[in-house]
1. So which residues in region 152-169 are in contact (Cβ under 8 Å) with a residue 12 or more places away in the chain, small (G, A, S) and not in a helix (DSSP H, G or I), if there are any at all?
2. What is the one condition in (1) out of contact with any Gly (no Cβ under 8 Å at 6 or more places or on another chain); (2) modelled with pLDDT of 95 or more that P83 does not satisfy?
3. Within region 330-339, can one find any residue that is closer than 30 Å to E396 by Cβ and open to solvent by 10 Å² or more (accessible area, probe 1.4 Å)?
4. Could you list, in sequence order, all residues of region 184-203 that are over 30 Å from T333 (Cβ atoms) and assigned to a helix (DSSP H, G or I)?
5. Tell me, yes or no, whether region 43-59 has at least one residue that is free of Cβ contacts under 8 Å to residues at least 60 places away in the same chain and within 24 Å of H171 (Cα to Cα).
6. From D5, D42, grab the single residue that is assigned to a loop (DSSP other than H, G, I, E, B), at pLDDT below 95 and either open to solvent by less than 30 Å² (accessible area, probe 1.4 Å) or basic (K, R) (or both).
7. Give the residue that is nearest to W193 (Cα to Cα), with candidates limited to residues of region 99-139 that are in a loop (DSSP other than H, G, I, E, B) and more than 18 Å from the chain's Cα centre (by Cα).
Amino acid sequence: MAVKDHISSANGPAPKKRLILNAFVETCSGHQSPGLWRHPDDRSTNFNSIQYWVDLAKLLEAGHFQGMFIADVLGGYDVYSGPQNLAPSIKSGAQWPVNEPLSMVPAMAAATKSLGFGVTISSSYEQPYHLARRMSTVDHLTGGRVGWNVVTGYLDSAARNLTNGKPQAEHDERYAICEEYMDVVYKLWNSSWRTDAVKLSRSTATYTDPTLVREINHAGKYFQVPGPHFCQPSPQRTPVIMQAGTSRAGKQFAAKHAEGIFVSAHSPDAVAKDISDVRAQAAKLGRDPAKIKFLAKFCPILGRTQEEADAKYADYAQYGDYDGALALFGGWTGVDMAPYGDDEELRYVDSNAIKSYIEGLIKHAPDVDGGKWTKRTLARHIMVGGLGATCVGTAEKVADEMERWVREGGVDGFNICYAIMPQTFVDVIELLIPELQRRGIFWKDFHVPGGTYRENLYEMAGQHGPLLDHPAAGMIWRSPEEVERLSKSAQGESNGIAQGEDGHEEQEEFDPVAMQFC
């Protein structure tokens, strides 16, 4: 069931859904638009400069984007004309080279006050104890403005360099490992330190009360982590949890953990069922499905007239790289299009990469080339904006299309990917956002200026940690004062927060099988 932008009620129609806008970027040139780094107005080849990222963050905050969603891969796209052929990616600059994404976030945060930063980090190649420490550190340094896009890794080119010669785990096993991984980091972030453990008492010479810091003693199938966490509780404790992937295992994971979910397709009907499925699964787990935010990849090519927008698209497209586009497609799906003729139709091929990508593409073919995904169609579609929605037109036309995605697809907002950097984002700020504001579907300013990422994502002042129906929330070792406050609310009672005879919070014992506390 698609989410409607108008819902009848006893009090009349509900207000239209207010959109979430993130900038979708990666620490490389071109990102989703292979070859467009060659355009004379593109500046994405400056991605090695910290000033490039600081300037971008300041631009986005001035435009009131909620966040910057930073993609990442740990290996090159080597499927096209392969196997293990990196040449098309290297030559075209198709997500090659790529820098580590977390490094520049503190610098961007220092230059801004409210912009959130969602960073992609794989759970497959880094120990949870280490990742928990890194994320807590950056959550401290940003004042609580960091999110984690949880991915399990899918590129064999990454696995060959990171698994010491072992084969990459199969798709569903990667998610099983990730489930336990989440249990470990949730315990470290939330259950290792009581909220009031840090005393900074000069009179007693007590920095931290050692009785309020404890080991987690996680002993599971995949991880042995005694703890305790090496960082004191950060402003959010748990960063905003994001996810991308709509396979069966991916949807199960998202329903349990994700607060923001990234979807990618060329039309809203291609994502509607997946969104409905995840919301339904989340509801069965006791979560409020309306609070889970779905963001669709969307590349707007804007002009003050349709003719101006069309000319801009044609100008961009001439710089697109055919082989670079197919290199990206091969990496995303595991399918090598080199043996196909230019007008030959894509066939279903099982792969260990992103299974849902191929399934969704074939089910929802574009209204071009007789409704078929051919090699030529794929390359042309990817060249400007990647393999997602690209809308060319005036602000009014693009806003209409966004509202259609909300109405027919059930999305809550968009990850805006660029054709050229930073002009695409400048156009969104100068042309599109005023139109969205005129329609009442985009805010005028951050809900909590200077607030945490979660406060502005949910537009809920004071909501630093996950909502109480999230599995991480039930793990928080709270002070007696917090327990008393929360126990007065129905939400607190439903999450099993109680106070023991010794005045400390009582929580269920760690269960490495159930991997949850609720």
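1. Taking region 152-169 and keeping what is in contact (Cβ under 8 Å) with a residue 12 or more places away in the chain, we get 152-163, 168-169.
Next, only the ones that are small (G, A, S) stay: 153, 157-159, 169.
Hits for region 152-169 are G153, A169.
2. Unmet condition: (2).
3. The first filter runs over region 330-339 and keeps only residues closer than 30 Å to E396 by Cβ, leaving none.
No; the residues of region 330-339 include none that is closer than 30 Å to E396 by Cβ and open to solvent by 10 Å² or more (accessible area, probe 1.4 Å).
4. If we filter region 184-203 for residues that are over 30 Å from T333 (Cβ atoms), which is where we start, we get 184, 186-203.
Within region 184-203, V184, Y186, K187, L188, W189, N190 qualify.
5. Looking for residues that are free of Cβ contacts under 8 Å to residues at least 60 places away in the same chain and within 24 Å of H171 (Cα to Cα), one finds none in region 43-59, hence no.
6. On the way: D42 fails: at pLDDT below 95.
Being assigned to a loop (DSSP other than H, G, I, E, B), at pLDDT below 95 and either open to solvent by less than 30 Å² (accessible area, probe 1.4 Å) or basic (K, R) (or both) holds for just one of D5, D42, which is D5.
7. Applying the first criterion (in a loop (DSSP other than H, G, I, E, B)) to region 99-139 yields 99-104, 111-115, 123-127.
Imposing the further condition that a residue be more than 18 Å from the chain's Cα centre (by Cα) reduces the set to 111-113, 125-127.
Working: A111: 30, T112: 29, K113: 27, Y125: 26, E126: 23, Q127: 20 Å.
Among them, the one singled out is Q127.
The values are calculated or read from the model by the stated rules, or taken from the named source; none is laboratory data. Given the structure is predicted, the values throughout are model-derived calculations rather than measurements. Heads up, the Cβs are rebuilt from the backbone with ideal geometry, glycines too, and the neighbour counts pull from every protein chain shown. Side chains are part of the model used for accessible areas, which takes the heavy atoms of the whole protein and leaves out ligands, DNA and RNA. Shrake-Rupley method; radii C 1.70, N 1.55, O 1.52, S 1.80 Å.
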